Amino acid sequence: MLWLRARSVRTTLLAGWGVFVILLALLHDTRAILPSLTGTAQVALSLFAPVVLIAALMQCLESRLTAAELSAVRRVRVLDTVLVLTTMVAALLGSAAVSVLTGEPQAATAGRNTFFLTGLMLCGKAVMGRPGVMVPVAWLLAVVGGGFRSSGDAYPWTIVPEPLGAWHAAAGAGLVFALGVAVEFGTVRRPA
């Protein structure tokens, strides 16, 4: 299908998903002490694993044949939305598999975090285009820089370092992802 080739799904997205799963397997509970404005934060490095998959997804969404898509018979927006949803299901399955195989719940939170960070990326993409891929990175830097209390406990607004069972983190991730998908679906494609 021309749409799959134009989006480079088979190469870019599959490679991004593979690197995401490998990073989760290697970094599942590795922690690093990073400088913070509110004290020293001990952060799980697996928080950064979704960035690879999100960057691959952004590359696929921005790889297009604009003229062909503007005159296309197929609903490209629907296909793009299906691509985003499929990628998130794959992220959930990959993170759950790594969590089961390694016995580390931190890997399972990467699936939730991927939903949240993808929602941020899609909202950023609607406003900034390709540079919107940096919105999730900026969020992660904000979390590391000021998202932890002096005791090392994360503030509730941070979402990504929260444990797997935190209902507010799951609700926040779901809401931000739904908003991102709605914004992506509603974005009008303009010729470059």
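Bear in mind these aren't lab numbers, they're just calculated from the coordinates by the rules spelled out. In this text, all values refer to a predicted model and were calculated from it rather than measured experimentally. A quick note on method: Cβ atoms are made from the backbone with ideal geometry, for glycine too, and the neighbour counts reach across all protein chains shown.
Observations
- Arg130-Leu93 FRET efficiency (beta carbon distance; Förster radius 45 Å; 0.05 resolution): 0.95
- Considering only Ala166, Ala107, Ala90, the mean-square fluctuation computed in a Gaussian network model of the chain, springs between alpha carbons under 10 angstrom, is largest for Ala166.
- The candidate values are (i) 49, 21, 16; (ii) 28, 20, 15; (iii) 31, 18, 13; the one derived from this structure for semi-axes √(5λ) of the Cα gyration tensor in Å carries the label (iii).
- For the chain, the 222 nm mean residue ellipticity estimated from helices alone, with every DSSP H stretch of n ≥ 4 adding -39500 (n - 2.57) and the total spread over all residues, rounds to -21000 deg cm²/dmol.
- Put a dot 7 Å past the Cα of Leu4, heading toward its Cβ, do the same for Thr102, and the two dots end up 3.0 nm apart.
- Take every Cα pair under 8 Å whose residues are at least 6 apart in sequence, average their separation, divide by the length of the chain, and the relative contact order is 27 percent.
- Förster radius 30 Å - calculated FRET efficiency between Ala32 and Leu175, Cβ distance, rounded to 0.05: 0.55
- Order by protection proxy (mean Cβ within 10 Å, highest first), peptides 30-38, 124-132: 124-132, 30-38
- Nearest-0.05 FRET efficiency for Asp153 and Glu62, computed from C-beta distance (R0 35 Å): 0.40
- Note on Ala138 and Val78: the model spin-label points, each 7 Å out from Cα along the C-beta direction, lie 3.4 nm apart.
- Region 1-186, dipole about Cα centre (Lys/Arg Cβ +1, Asp/Glu Cβ -1), debye to the nearest 20: 560
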